[in-house]
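What follows draws every value from the coordinates through simple rules; no lab data is involved. All figures in this text were calculated on a predicted structure; none of them were measured in a lab. No Cβ is skipped: glycine too gets one built from the backbone with ideal geometry, and neighbour counts run over all protein chains shown.
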Amino acid sequence: MGRRLARELALKVLYRYEEGDADLQGAMKSVLETKVYYKNDKDFSKMLIERTVENIKKIDKEIINVLQNWEYDRISVVDKIILRMGACELIYFDDIPSQISINEAIEIGKKYGGIESGRFINGVLDAIRKCHESSDNQ
C-alpha cells in the first residue's frame, strides 16, 4: 500500500470524524478493514489518525498561528484535515523528514483539494516547519 495510501486512508477517516462520526474506532475499522492492506501501513494510518485527533487543539493552534491574510474558518474541510495531518507529522513524528511530510501533504491536497490547495498547504506547513526548527534551535 505505501505511506501515501495510508495517509489517504487517514484522510478518509478524519473526514468522517470531522463531519460528525464520533465513533473514531468504528470509522477506522470501516475504512481500514474493507480491503487487505500491509500491517505496517495500517499501523501508520492508525497512528496518524489517533495522534491527529488526540492533539487536534494544539495542531489547530499551530495552523492558526501561521495563517496570514486568511481566516481559519474559511479553509475547506479537506484542506483543513490535510493541514492537520501534515502538521501532526511535523510535530509528532520525529522519524519522518519534514520535507517528506510536506510533500506528501501537497500531493494529497492536489488530488483531493481545490485548484490552489497544493500551494496553500505548502505555505502553511512550511511556516509550521520553520517555527519548529527555530524553536528547536533555541
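Among the residues of region 97-138, those identified as over 25 Å from Glu18 (Cα atoms) and not in a helix (DSSP H, G or I) are Pro97, Asn137, Gln138.
Selection of first residues in region 1-22 that are touching a residue at least 60 places away in the same chain (Cβ under 8 Å) and part of a helix (DSSP H, G or I) and of second residues that are among the small types (Gly, Ala, Ser) and crowded, with 19+ Cβ neighbours inside 10 Å, restricted to Cβ pairs under 6 Å at least 6 apart or on distinct chains, gives the following pairs, ordered by first then second residue: Ala10/Ser45. With respect to the conditions (1) acidic (Asp, Glu); (2) assigned to a loop (DSSP other than H, G, I, E, B); (3) buried (at least 18 other Cβ atoms within 10 Å of the Cβ), Asp41 lacks only one, and its number is (2).
Only one entry of Asn55, Asn65 meets the criterion of being in contact (Cβ under 8 Å) with a residue 60 or more places away in the chain and of a type in the set (S, T, N, Q), and that entry is Asn65.
Scanning region 97-112 for residues that are within 13 Å of the chain's Cα centre (by Cα) and surrounded by 14 or more Cβ atoms within 10 Å (Cβ to Cβ) turns up Ser98, Ser101, Ile102, Asn103, Glu104, Ala105, Ile106, Glu107, Ile108, Gly109, Tyr112. If we scan region 61-72, do we find a residue that is acidic (Asp, Glu) and either over 15 Å from Leu9 (Cα atoms) or crowded, with 21+ Cβ neighbours inside 10 Å (or both)? Yes; the residues of region 61-72 include at least one that is acidic (Asp, Glu) and either over 15 Å from Leu9 (Cα atoms) or crowded, with 21+ Cβ neighbours inside 10 Å (or both).
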